[in-house]
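The structure under discussion appears below in the form of structure tokens.
The values are calculated or read from the model by the stated rules, or taken from the named source; none is laboratory data. This structure is a prediction, so every number in the text was calculated from the model and none was measured. Don't worry about glycine lacking a Cβ; one is built from the backbone with ideal geometry, like all the others, and counts go over all protein chains shown.
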Amino acid sequence: MIDEARRRLYLSAMQVANWLPRVTLPFAAPARPLWQPEAEEPAAAEVLLESPPVGDEPPPLGSVAPVIAPPSAPRPRVEVPRPAAQARQTAVADAANEAEAPAAKVKALPPPRFSLQLLRAGSCALLVELPNGEAFSRRDPAYLLLRDLLRAAGLPDSPQLIGEPVRWPLLSRGSLEQGPQAALEYVQSFVAARLEEQGGCVCLWLLGESAIRFAGEGDAEAYNRELQIDGLGSAWAMPGLELLMDEPHRKAELWQAMRRLMPRWKSTEWAMP
């Protein structure tokens, strides 16, 4: 037999942490319990020892009562995401992003590009989309077509220019907001101010999609229809001069709409200032 210090040294070298002797060892230190419940949780686990019956002889030396290990804590359950669940989560995230996207898209829209000229012919004012972006010249085919429309409507065929053409965007650089909403507000305020200086008009002709969009808040679906615009009064939406030259069949529908609206300006006496 070896002493306790050497015995522990051998066990440590063999990496034996816990051991139980089969018989009582000489010179051995008192045995320590393998597990003892903590003071905070006395009811978490208990060591069950078989008690000897009363009156019987004590167990022989070296016998050890069986030890029941404490119940281990349940292992946490790991949820593995399924493809269907991941797809639903992705769909929800995409829907949330799309709900926030419109505001960003509106800010990212480039400024519209157009040129409009305001004219007056008798009791009517005309906001004309310039086909090439430049002011009308006497021999311009678009200007000649405009004069034909005025003669057919019973109005003076030499319209008077009101101010300079409105070209958008106003600035090529800078941080000024020049999106579609800003263009709409600018064109409407410009036309309203110029018509107030001229004493108003009976009907405002809007020739071209840009004129209809940024003065009448309409689109191509409003061609040959009458619009009521806050601050500008009654307006007539018409195809642009360039579109009428490219698609002559549109002139028949335009003539029918003109015949319905012609009494509006023919019955009004207009004094040129």
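Suppose we filter Glu98, Glu185 for residues that are at pLDDT 90 or above and either crowded, with 17+ Cβ neighbours inside 10 Å or out of contact with any Asp or Glu (no Cβ under 9 Å at 6 or more places or on another chain) (or both); which single one remains?
Checking each option against the conditions leaves just Glu185.
For region 160-185, give me the residue count where each residue is in a helix (DSSP H, G or I) and of a type outside the set (D, E, K, R).
Number satisfying all stated conditions: 5.
Out of region 111-122, which residues are surrounded by 19 or more Cβ atoms within 10 Å (Cβ to Cβ) and in a strand (DSSP E or B)?
Result: Phe114, Leu116, Gln117, Leu118, Leu119, Arg120, Ala121.
So which residues in region 191-214 are surrounded by fewer than 19 Cβ atoms within 10 Å (Cβ to Cβ) and not in a helix (DSSP H, G or I), if there are any at all?
Once the filter is applied, which keeps residues that are surrounded by fewer than 19 Cβ atoms within 10 Å (Cβ to Cβ) and not in a helix (DSSP H, G or I), region 191-214 yields Gly199, Gly200, Val202.
Being touching a residue at least 60 places away in the same chain (Cβ under 8 Å), surrounded by 17 or more Cβ atoms within 10 Å (Cβ to Cβ) and in contact with a Phe, Trp or Tyr (Cβ under 6 Å, 6 or more places away or on another chain), is that true of even one residue in region 159-179?
no
Identify all residues within region 169-207 that are touching a Leu at 6+ places or on another chain (Cβ under 8 Å) and of a type outside the set (A, V, I, L, M); write none if there are none.
Result: Gln178, Gly179, Pro180, Tyr186, Gln188, Phe190, Arg194, Cys201, Cys203, Trp205.
Checking Leu118 against (1) under 30 Å from Ser172 (Cα atoms); (2) modelled with pLDDT under 95, only one condition comes out false. Which one?
It fails just one condition, (2).
Just name the residue that is farthest from Asn224 (Cα to Cα) out of those in region 123-154 that are touching a Cys at 6+ places or on another chain (Cβ under 8 Å) and either part of a loop (DSSP other than H, G, I, E, B) or modelled with pLDDT under 95 (or both).
Ser123
Hey, does region 197-207 have a residue that's of a type outside the set (A, V, I, L, M, F, W, C) and modelled with pLDDT of 95 or more?
no
May I ask you to verify whether Asp157 is closer than 24 Å to Ala257 by Cβ, assigned to a helix (DSSP H, G or I) and not small (Gly, Ala, Ser)?
So Asp157 does not fit the description; no.
Which numbered condition trips up Ala153, out of (1) of a type in the set (Gly, Ala, Ser); (2) buried (at least 16 other Cβ atoms within 10 Å of the Cβ); (3) over 27 Å from Pro248 (Cα atoms)?
Condition (3) is where Ala153 drops out.
Being in contact with an Asp or Glu (Cβ under 8 Å, 6 or more places away or on another chain), part of a strand (DSSP E or B) and surrounded by fewer than 17 Cβ atoms within 10 Å (Cβ to Cβ) is the filter here; which residues of region 216-264 pass it?
Once the filter is applied, which keeps residues that are in contact with an Asp or Glu (Cβ under 8 Å, 6 or more places away or on another chain), part of a strand (DSSP E or B) and surrounded by fewer than 17 Cβ atoms within 10 Å (Cβ to Cβ), region 216-264 yields only Ser234.
Identify, by number, the condition in (1) out of contact with any Cys (no Cβ under 9 Å at 6 or more places or on another chain); (2) farther than 18 Å from Ala237 by Cβ; (3) of a type in the set (D, E, K, R) that Arg225 doesn't meet.
Single failed check for Arg225: (2).
Which ones in region 123-144 are touching a residue at least 24 places away in the same chain (Cβ under 8 Å), surrounded by fewer than 17 Cβ atoms within 10 Å (Cβ to Cβ) and aliphatic (A, V, I, L, M)?
Of everything in region 123-144, just one residue is touching a residue at least 24 places away in the same chain (Cβ under 8 Å), surrounded by fewer than 17 Cβ atoms within 10 Å (Cβ to Cβ) and aliphatic (A, V, I, L, M), namely Ala135.
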